[in-house]
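S.K.: What follows is a single structure, and I will ask about it in a moment.
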Amino acid sequence: MADSGRYSVLFEPVKIGPVTARNRFYQVPHCCGLGHLRPRAHAAMRAMKAEGGWAVVSTEEAELHPSSDLSPYPEQRIWDDHDIPALRLMTDAVHDNGSLAAIELVHNGNHSANLMSRAPVLAPSDMTVDLIYPKQARAMDKTDIRAFRQWHRDAALRAKKAGFDIVYVYAGHRMTLAHHFLLKEYNDRTDEYGGSLENRARLMRELLEDTREAIGDQCAVALRLAVDEMMGPSGMQASAEGREVVEMLAELPDLWDVNVSDWSNDSATTRFQPEDGYQTAYIDFVKKLTSKPVVAVGRLNSPDMMASMVRNGVVDFIGAARPSIADPFLPAKIRDDRIEEIRECIGCNICVSCDSFGIPIRCTQNPTMGEEWRRNWHPEKVPAKGQEQDALVVGGGPAGLECAMQLARRGYEVTLAEAAGQLGGRVVKEASLPGLSAWKRVADHRTYDLSQRGNVQVFLDSKLDASQIAELGIRNVFVATGSSWRRDGVGRSSRAPLEFSDNASVFTPDDVMSGILPSGRVIIYDDDQAYLAGVIAEHLALLGSTVRFITPASKVSPWTEATLEQSRIQTSLLHKGVDILTHKQLRKISADSCEVACSFTGQTETHACDAVVLVTERARHTDLFDQLRDQGTDQFKPATLELIGDAAMPGLIADAVYSGHMAARDFERDPAEIAAAVFRRELTALSGT
């Protein structure tokens, strides 16, 4: 158990209205790409949080009516009684593990375009829907408001019937009707629901009162409120109207769940909010104004910070979305004094990106996230070893580290050989760039784990060839030799190499991350269109180069819209003097210039430069794998030979970790079983009605 004085405050029970949480760890509502489409997977994922010690486990936002239809995104849904059995799967699973279940009721107003239901879109005022779709929301009249209050009340009663202990009124992220009515930007009404702050908060007060009256005898009523929009005087501020709302409604909810708005601020990445606990300065006033318990977030990873926040009267509950994804067993590890084993959230927002794409959640640090039901993966438990005794992992990047760690946990004797002088591979390289230092936690967690195990040998500066592996005589080989960035310009927009002059000065991200730097007038050509080119552009601008960013895309790093960073990245580059040209494809590179063409018209133009950094595509390193596969001898032929990570498929760091994890899990598993069931699917049953 943990030191009784050090963290004991985090394990005190806390009363929330008519229910009591067993400790102070609270998984706040967060999206997961499972929702109403994948109820078994959703229940299993939330149950894992409860098993890991989170005293309260919440759903994602739960649509309460067809006029709040977020299709094609699979959020939770509680439209009518048909949704109760699926929700009951989650509440039963959470209760079975000793935790409280919470549901976040939502009507998304103009944030839901109702593309599937085709219901009228509702809002406080006439306005465009919050989606690139030619459709508008209509201003709600009094009849609409009365109907909405009834829908919310009915959904609360269904939530009680489904077994939830805590029911939310949700006014945050600029995504909900209750929040839209509260904000001047959305609400230009002149009746009793508009104008003054008291009027704009009227609907939120009514929802709280309606919900308490309907279910308050058995269920706690929570209010999730964004107290600051981080827009300065042009938006709601914690020092002004945010504070006034809390003062106005101080004792009405049973629990205050407070954060900042919008979602890109609430779930800011470490690239732009590097400090854990970054929201504290915005929410620390709330606890002073109410006797009710308060929960807040801010990518809280440190147990010392958590205990301090409780002892200093900032919060009653440690709220988490992303840290609970990275490590569902974070509370249990603190309780059991296993702090070093915590998989800290790196704030990369890969989890967030899954919601943006409408796919099941995943995590860079935790490859089992979203796989609890369909692959039956547990973050802390792996099957014991089979008949084989040992394994060799070649390459100590994210895939190799994860594979070696899981093989060692299974009980194999593991040898890990890394060609470089340190473990981490691309993780360490990318973590050296501006804003990405937290990413090193991916390597640190696994390196520490391996260092604690007696069945692991690690060899650095050990680039192995096929003959050396044959000498080792280890029959089970996992090849994680990675990839490197191409120097020929082949990428998303061009499948043929670019035209280069003999004296052209061309660099790749690998050069930059290794300290081989261009200078002077530098062009960054981004045909990868993910995150790395933008980081490198910032890096070189900070070092004093004159940087021009050229891309065939319509904006800088378009993939990062999914991680809620794109506007911040482009703004940051502009502030640093980076010149940005979009819709341009690179054609030729010479010693002092390059030629680009318009992606639409083909019209060419020339830009002076001293060097070009090509961020296009990666080439897999498979030579060793090919040698072992094709040139094995009678004296040595691997019994198991598997290519993993970027060497198998260049992708995100999360993809590499997942690849290494799956290889270790599937080792000695029946191949027919693997082939027959890649993973379980949730299929719709037809009732005939």
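S.K.: Being of a type in the set (A, V, I, L, M, F, W, C), surrounded by 19 or more Cβ atoms within 10 Å (Cβ to Cβ), at pLDDT 95 or above and part of a loop (DSSP other than H, G, I, E, B) is true for just one of CYS345, CYS351. Which residue is that?
M.R.: So the residue among CYS345, CYS351 that is of a type in the set (A, V, I, L, M, F, W, C), surrounded by 19 or more Cβ atoms within 10 Å (Cβ to Cβ), at pLDDT 95 or above and part of a loop (DSSP other than H, G, I, E, B) is CYS345.
S.K.: Here is a follow-up. Restrict the check to segment 592-606 and report whether at least one residue is under 24 Å from the mean Cα position of the chain (by Cα) and under 30 Å from PHE357 (Cα atoms).
M.R.: For segment 592-606, residues under 24 Å from the mean Cα position of the chain (by Cα) and under 30 Å from PHE357 (Cα atoms): absent.
S.K.: Turning to a different aspect of this structure: Working only within segment 371-390, note down all residues that are farther than 17 Å from ALA654 by Cβ and among the hydrophobic types (A, V, I, L, M, F, W, C).
M.R.: Correct list: TRP373, VAL382, ALA384.
S.K.: Please work out which residue is nearest to LEU207 (Cα to Cα), limiting yourself to segment 94-137 and to residues that are β-branched (Val, Ile, Thr) and touching a residue at least 40 places away in the same chain (Cβ under 8 Å).
M.R.: By that ranking, first place goes to VAL106.
S.K.: Filter segment 615-649 down to the residues that are in contact with an Asp or Glu (Cβ under 9 Å, 6 or more places away or on another chain), small (Gly, Ala, Ser) and either more than 24 Å from VAL442 (Cβ to Cβ) or in a loop (DSSP other than H, G, I, E, B) (or both) and list them by number.
M.R.: Once the filter is applied, which keeps residues that are in contact with an Asp or Glu (Cβ under 9 Å, 6 or more places away or on another chain), small (Gly, Ala, Ser) and either more than 24 Å from VAL442 (Cβ to Cβ) or in a loop (DSSP other than H, G, I, E, B) (or both), segment 615-649 yields ALA639, ALA648.
S.K.: Right, next: List the helices (runs of 4 or more DSSP H) that sit entirely inside segment 155-219 and contain at least 1 residues that are at positive phi.
M.R.: none
S.K.: Tell me, which residue of segment 560-569 that is of a type in the set (A, V, I, L, M) and over 12 Å from GLY534 (Cα atoms) is surrounded by the most Cβ atoms within 10 Å (Cβ to Cβ)?
M.R.: It comes out as LEU564.
S.K.: A further question follows. Among the numbered criteria (1) touching a residue at least 24 places away in the same chain (Cβ under 8 Å); (2) under 26 Å from GLY396 (Cβ atoms), which one does GLY651 miss?
M.R.: (1)
S.K.: What's the number of the condition GLU104 fails, among (1) at negative phi; (2) surrounded by 19 or more Cβ atoms within 10 Å (Cβ to Cβ); (3) of a type outside the set (A, V, I, L, M); (4) in contact with a helix residue (DSSP H, G or I) (Cβ under 9 Å, 6 or more places away or on another chain)?
M.R.: It is condition (4) that GLU104 fails.
S.K.: So, one more: Given the conditions (1) surrounded by fewer than 24 Cβ atoms within 10 Å (Cβ to Cβ); (2) small (Gly, Ala, Ser); (3) under 21 Å from HIS30 (Cβ atoms), report the number of the one that ALA156 does not fulfil.
M.R.: It fails just one condition, (1).
S.K.: Based on this model, can you work out whether LEU252 counts as within 28 Å of ALA21 (Cα to Cα) and either surrounded by fewer than 20 Cβ atoms within 10 Å (Cβ to Cβ) or out of contact with any Gly (no Cβ under 8 Å at 6 or more places or on another chain) (or both)?
M.R.: yes
S.K.: Out of GLU51, GLU75, GLU61, which single residue is out of contact with any helix residue (DSSP H, G or I) (no Cβ under 6 Å at 6 or more places or on another chain), within 30 Å of LYS142 (Cβ to Cβ), crowded, with 20+ Cβ neighbours inside 10 Å and in contact (Cβ under 8 Å) with a residue 40 or more places away in the chain?
M.R.: Only one candidate qualifies: GLU61.
S.K.: Also, I was wondering about something else. Looking for whichever is touching an Asp or Glu at 6+ places or on another chain (Cβ under 6 Å), closer than 30 Å to ALA537 by Cα and at pLDDT 95 or above here; the options are PRO434, PRO398. Which one fits?
M.R.: Matching residue, one of PRO434, PRO398: PRO434.
S.K.: Something else now. Considering segment 215-239 alone, what residues qualify as being surrounded by 14 or more Cβ atoms within 10 Å (Cβ to Cβ) and over 23 Å from VAL106 (Cβ atoms)?
M.R.: Result: GLN237, single match.
S.K.: Any residue in segment 105-125 that is assigned to a strand (DSSP E or B), in the same structural domain as CYS219 (by TED's automatic domain parsing), closer than 15 Å to SER71 by Cα and within 24 Å of the chain's Cα centre (by Cα)?
M.R.: yes
S.K.: Among (1) farther than 18 Å from ALA664 by Cα; (2) assigned to a helix (DSSP H, G or I), there is one condition GLY435 misses while meeting the rest; what is its number?
M.R.: Here GLY435 clears every test but (2).
S.K.: In addition: Among what's in segment 570-601 and is among the aliphatic types (A, V, I, L, M) and in a strand (DSSP E or B), pick the residue that is surrounded by the most Cβ atoms within 10 Å (Cβ to Cβ).
M.R.: If we take residues in segment 570-601 being among the aliphatic types (A, V, I, L, M) and in a strand (DSSP E or B), then LEU586 is surrounded by the most Cβ atoms within 10 Å (Cβ to Cβ).
S.K.: Are any of the residues in segment 602-614 touching an Asp or Glu at 6+ places or on another chain (Cβ under 7 Å), on the phi < 0 side of the Ramachandran plot, aliphatic (A, V, I, L, M) and not in a helix (DSSP H, G or I)?
M.R.: Yes.
S.K.: Does segment 633-653 contain any residue that is in contact with a Ser or Thr (Cβ under 9 Å, 6 or more places away or on another chain) and basic (Lys, Arg)?
M.R.: Checked segment 633-653: no residue is in contact with a Ser or Thr (Cβ under 9 Å, 6 or more places away or on another chain) and basic (Lys, Arg).
S.K.: Restricting attention to segment 545-568, which residues are part of a strand (DSSP E or B) and not charged (D, E, K, R)?
M.R.: THR546, VAL547, PHE549, ILE550, listed by residue number.
S.K.: Let me ask something else about it. Name the one entry in VAL394, VAL428, VAL456 that is in contact with a Gly (Cβ under 9 Å, 6 or more places away or on another chain), within 18 Å of PHE478 (Cβ to Cβ) and either touching a residue at least 60 places away in the same chain (Cβ under 8 Å) or β-branched (Val, Ile, Thr) (or both).
M.R.: The match here is VAL394.
S.K.: So, one more: Could you please find all residues in segment 224-274 being free of Cβ contacts under 8 Å to residues at least 40 places away in the same chain and among the β-branched types (Val, Ile, Thr)?
M.R.: VAL258, VAL260
S.K.: So if I check each of ALA86, ALA139, which one is touching a strand residue (DSSP E or B) at 6+ places or on another chain (Cβ under 7 Å), surrounded by fewer than 23 Cβ atoms within 10 Å (Cβ to Cβ) and not basic (Lys, Arg)?
M.R.: None of the others qualify; the one that does is ALA139.
S.K.: Also, quick follow-up: Restricting to segment 512-532, give me the number of residues that are crowded, with 16+ Cβ neighbours inside 10 Å and over 20 Å from VAL578 (Cα atoms).
M.R.: Residues that pass the stated criteria total 0.
S.K.: While we're looking at this one, here's another question. Starting from residues that are exposed (fewer than 12 other Cβ atoms within 10 Å of the Cβ) and in a loop (DSSP other than H, G, I, E, B), keep the ones in segment 650-676 and report whichever is modelled with the lowest pLDDT.
M.R.: My answer is ASP670.
S.K.: I've got another one for you. Could you list, in sequence order, the residues of segment 373-430 that are buried (at least 24 other Cβ atoms within 10 Å of the Cβ), of a type in the set (D, E, K, R) and over 19 Å from LEU624 (Cα atoms)?
M.R.: Across segment 373-430, the qualifying residue is only GLU402.
S.K.: Let me ask something else about it. Looking only at segment 41-76, filter to residues that are touching an Asp or Glu at 6+ places or on another chain (Cβ under 9 Å) and of a type in the set (Val, Ile, Thr); which one of those is nearest to LEU100 (Cα to Cα)?
M.R.: Applying the filter and picking the extreme gives VAL56.
S.K.: Can you tell me which residue in segment 288-323 is surrounded by the fewest Cβ atoms within 10 Å (Cβ to Cβ), limited to those that are of a type in the set (Ser, Thr, Tyr) and out of contact with any Gly (no Cβ under 8 Å at 6 or more places or on another chain)?
M.R.: SER291
The values are calculated or read from the model by the stated rules, or taken from the named source; none is laboratory data. Quantities reported herein were computed from a predicted structural model and do not represent experimental measurements. Glycine gets a Cβ as well: all are built from the backbone with ideal geometry, and neighbour counts include every protein chain shown.
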